[in-house]
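The values are calculated or read from the model by the stated rules, or taken from the named source; none is laboratory data. Computed from a predicted model, the values in this text were never measured in an experiment. Note: ideal-geometry Cβ built from the backbone for every residue, glycine included; neighbour counts use all protein chains shown. Please note that ligands, DNA and RNA were not included when accessible areas were found on the heavy atoms of the full protein model with its side chains. Shrake-Rupley method; radii C 1.70, N 1.55, O 1.52, S 1.80 Å.
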Amino acid sequence: MKTAFLTLVLLCTSGISIAQQGTVQVKQDRELSQLLNLYKKANESADFYTIQIGFGSYDKAQKLKSDAEVDFPGWYTKIIFDSPTYRVHVGKFNTKLEGERHFTEVRKKYPESLLLSPKN
């Protein structure tokens, strides 16, 4: 009898109880967004080592780019127009050592690839 009464009380009170609700307010310094924008701008203009996996017509470059995105997911891939050909670049590497490590991996799939140093 005690167990049945206790179960009934628990069922009734659990239906009445309500989960906590509230709002979260984040207060951040206005200069933080300016700092983030400055960081993004500096990172975009920074020079990186990159790997050129091939070049040719626009159609060939598009195919190379899509193949590279499948072979190396998550890597930066870009088509560069350098008259009269289109060049496909993959990866952004901060150091030459990092670039060379990835270059050996890329070279297995794309033997004609080149490691390009940043423009100074």
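Checking the Cα-Cα distances for LYS63/LYS96; LYS40/LYS109; LYS27/LYS92; LYS41/LYS119 against a 23 Å cut-off, the pairs over it are LYS63/LYS96; LYS40/LYS109; LYS27/LYS92. Within the stretch 35-111, the percentage of alpha carbon pairs spaced more than 15 angstrom apart rounds to 59%. Farthest towards the positive end of the charge dipole of the chain, among the residues SER113, MET1, VAL70, is the Cα of MET1, using unit charges on the Cβ of Lys, Arg, Asp and Glu. Normalising the average separation of contacting C-alpha pairs (under 8 angstrom, six or more residues apart) by the number of residues puts the relative contact order of the chain at 28 percent. Apolar share of the accessible surface for the chain: 57 percent from carbon plus sulfur atoms, 1.4 Å probe. Highest mean first, the peptides 87-97, 55-65 sorted by other C-beta atoms within 10 Å per residue fall in the order 87-97, 55-65. Please name whichever of TYR39, ASN94, GLN25 sits farthest to the positive end of the charge dipole of the chain, dipole taken about the Cα centre and charges placed at Cβ: Lys and Arg +1, Asp and Glu -1. Projecting each Cα onto the dipole axis, the largest value belongs to GLN25.
Working from label points 7 Å from Cα in the Cα-to-Cβ sense, the LYS108 to VAL24 distance is 4.1 nm. What the chain shows is 82 Å² of accessible area per residue, with the surface traced by a 1.4 Å probe over protein heavy atoms. Label-to-label distance for ASP47 and MET1 is 9.1 nm, based on points extended 7 Å past Cα in the beta-carbon direction.
Dipole check for the chain: with +1 at the C-beta of Lys and Arg, -1 at the C-beta of Asp and Glu, and the Cα centre as origin, the magnitude is about 140 Debye. The stretch between ASP82 and VAL70 holds 1.9 nm of extra length on full extension. This uses 0.36 nm per residue minus the Cα-Cα distance.
Mind pulling the angle between the C-alpha long axis of helix 2-16 and the longest principal axis of the chain? Nearest 10 degrees, somewhere in 0 to 90. Around 50 degrees separate the two axes.
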